[in-house]
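Following: one structure in structure tokens, then a few remarks.
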Amino acid sequence: MTISRKCVPFTPFDRELAKSTIAIVTAGGVHLTDQKPFNIADELGDLGYREIPPDVDSADLMVSHHHYDHADADQDINVVFPIDVLRDLQSEGFIGGLANSTLATWAIPSSSKQCMKARLERSPTR
């Protein structure tokens, strides 16, 4: 697989949201408070990822990232990781459900290609 920084693949969404399962994929450094924080000391970024279950209490989430101001997210994680908002949309029937897990990473734009390649090589086979 060739990874390009010049374009992002796009596939139009043509299903009903009420029948769709939604997942959050973030590079915002979000993780559970009891998970190992992302290594923000590495100038290329932490190439790992953290899985976050869909039933997580949003109070148990935090941000480890120093390339953006996450002060608002520290007050309300839904600013960068809208898990409570998605649960509300599910209970209203606007979306069908939440994925079984969410992938959270920490990345900076200059390392995007390297990060993606490393993650693809290490990705779990599920």
Problem set entry | Point-to-point label distance, Tyr68-Ala23, nm (Cα→Cβ direction, 7 Å offset) | 2.0
Exercise. In percent, what relative contact order does segment 18-114 have, based on Cα pairs under 8 Å that are 6 or more apart in sequence?
Worked result: 49
Problem set entry | For segment 18-114, the spread of Cα positions along each principal axis, largest first, Å | 43, 29, 21
Exercise. How far apart, in nm, are two points set 7 Å out from the Cα along the Cα-to-Cβ line at Asn78 and at Glu51?
Worked result: 2.7
For this session: Subtract the Cα-Cα distance of Asp34 and Ser91 from 0.36 nm times their separation in residues, and report this length gain in nm to one decimal.
Result: 17.8 nm
Exercise. In whole Hz, what ³J(HN,Hα) sequence does segment 76-84 give by Karplus (6.51, -1.76, 1.60; θ = phi - 60°), x for Gly and Pro?
Worked result: 8, 4, 5, 4, 10, 9, x, 5, 5
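Since every read-out is calculated from the coordinates, none of them should be taken as a lab result. As the structure is a computational prediction, the values presented were derived from the model and not from experiment. We place every Cβ from the backbone using ideal geometry, glycine too, and count neighbours over all the protein chains shown.
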